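Here the structure is laid out as structure tokens; the discussion comes afterwards.
The numbers here are math on the coordinates, done by the rules we state, and not lab data. Worth saying up front: this structure is predicted, and the values here are computed from it rather than measured. Cβ sites come from the backbone with ideal geometry, for glycine too, and all protein chains shown count toward neighbours.
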Amino acid sequence: MSNFNTTSNQNQNIYPKPCAYNCNIQIYWNTATNEYREVFTKKKHICPNRHNKPTTTNTANTAATTTTKPNHHKKSFISQPKPKMFNSFELLQGSFDAIQKKYEILSDIVSEYNGKVHGSQRDRDPKTGLIDLLVYYEVPLGQREEAKHKFDNYIRNIVSSQL
Ligand SMILES: [Zn+2]
């Protein structure tokens, strides 16, 4: 009889219950320390699920996402081929103002044709002191002639208006 006491004398009655956060650990309320303890380890229960408290909305969310998952639609959308792009660059030269103007025109034209300016590389002619700006860009393959023409026309206008 007295042997049984040694295991249970340190605390009162244990009423195990599953943890409320669905971690599948049996716990009980320890009235001496005012904390939940794990039935098997007798240690304080620090729940791994505690931070994602709302277990009910969690399951609702996963249910919602699984039911609305449009598997096939998504796939065909992703694999839709991108238009082939033509990569090129323009060398802009002149004074700071002239280059600024040319750069703005070029990036306008590029975006007008659904292209992209990738970047630029600056240099300075040691003899003339003029700035060189290489501007890399891409436009859809079908539009490169048009884009280049348009840019050339604008540049020619700028150059002649500055002379
Ligand atoms: Zn728990």
Per-peptide average of other Cβ atoms within 10 Å, ordering 134-147, 31-44 highest first: 134-147, 31-44
Stokes-Einstein D (µm²/s) once Rh is taken as the Kirkwood radius of region 85-162 over alpha-carbon pairs, at 20 °C in 1.002 mPa s: 169
Neighbour-count ranking [beta-carbon atoms within 10 angstrom, fewest first] of His149, His51: His51, His149
